[in-house]
Amino acid sequence: MTEAYVAKLPLEPREKLEKMAWTVAVWTLFGLFVLGPLVTVLAFSLTHNVFESTRPGTLEHYVRLFSDSQLYGPLLRSFEVAFVVVLVQLTLGTFVATAAVRGRVFGARLLDALSNITIALPSVVVGLALLAFYGPFGPINAFARFVTGNPFTLTWTLWILVLAHVLETFPYMVRTVGAGLQRLDPRLESAARSLGATRWHVFRTITLPQLRPSLVAGSVLVLSRSIAEFGATIIVVSAVLRTAPVKIYSEAESGSLELAAAYSVVLMLVSFTAYLAMSRWVGRTNAAI
């Protein structure tokens, strides 16, 4: 079909033709660069041996994954750490976002800008920074020795793993809650304060209910990011505290692509389920409003 003929088509058929062309192009690119690799991981997890055949047809790797404590242990650890990190961020992220957006501290703009710093840094740098700060040669240990005479390090403990995930996920909660705070009408809070309500009462009864969609969205982002965190984790984690992403790396490196794929599919399902639940909840909340 020539361009001259397309130009003479009525507007509605031409729009349909353009929409069809866009649909084919976008879905082709999306399938090639996004869905294709993910579907391939699913196929690998259902394959007995990818080096012999890539035809899916077995659940043996999932059976191994959920029947051996050494295999499902890293999965449980990832979920446990992610849950703790979400609780920390609901408090820490909301606190920092409120201080930055409402200008309740000196240097609020600088605080808001610096809250994004871990997004700009490579994850391995964050891990190394934690080892340097909380390790046996860091300032925390030196201070503990000076005050108590006893060493204090978090190296190779679960808590340094939690701290690594907190640092990596911190910007997501701050940005999400900060955006929610900017959409609120501050006159509602001012009116409540003028009637004698305390700051805590205003936050609990007026601000917090309006922030619930942002808190839920931020929690899902933090959960997904924590579950998937690898760079900082592999620097600070010990062999007995491996998380699922580190286990995926070790299995893939040893040639067990099928088991690594099974791990990957479980993580994808958890993250995607959390995202769908958040989307439905936020949609219902907005419809009710």
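The values are calculated or read from the model by the stated rules, or taken from the named source; none is laboratory data. Note that the structure is a prediction, hence the values are computed from the model and not measured. When we count neighbours, we look across all protein chains shown, and the Cβ atoms used for this are built from the backbone with ideal geometry, even at glycine.
Applying the condition of being among the polar types (S, T, N, Q) and over 30 Å from Glu251 (Cβ atoms) to region 56-112 and asking which residue is farthest from the chain's Cα centre (by Cα) yields Thr98.
Out of everything in region 163-183 that is touching a residue at least 12 places away in the same chain (Cβ under 8 Å) and surrounded by fewer than 16 Cβ atoms within 10 Å (Cβ to Cβ), what residue ends up being farthest from Ala82 (Cα to Cα)? It comes out as Gln182. Checking the structure you have, find out if any residue of region 97-119 is touching a helix residue (DSSP H, G or I) at 6+ places or on another chain (Cβ under 9 Å) and closer than 25 Å to Ala261 by Cα. No, every residue in region 97-119 fails to be touching a helix residue (DSSP H, G or I) at 6+ places or on another chain (Cβ under 9 Å) and closer than 25 Å to Ala261 by Cα.
Taking residues in region 196-217 that are without any contact (Cβ under 8 Å) to a residue 24 or more places away in the chain, and partners anywhere that are of a type in the set (Val, Ile, Thr), not one pair has Cβ atoms closer than 6 Å while being at least 6 places apart or on different chains.
Residue count for region 200-241, restricted to those that are of a type outside the set (Gly, Ala, Ser) and outside any helix (DSSP H, G or I): 3.
Of all the listed residues (Leu188, Leu267), the sole one being assigned to a helix (DSSP H, G or I) and more than 18 Å from Leu42 (Cβ to Cβ) is Leu188. The set of residues in region 82-109 that are surrounded by fewer than 14 Cβ atoms within 10 Å (Cβ to Cβ), assigned to a helix (DSSP H, G or I) and modelled with pLDDT under 90 contains only Arg109. Every test in (1) among the hydrophobic types (A, V, I, L, M, F, W, C); (2) in contact (Cβ under 8 Å) with a residue 12 or more places away in the chain; (3) surrounded by fewer than 19 Cβ atoms within 10 Å (Cβ to Cβ) is passed by Ile160 save one, and that test is (3).
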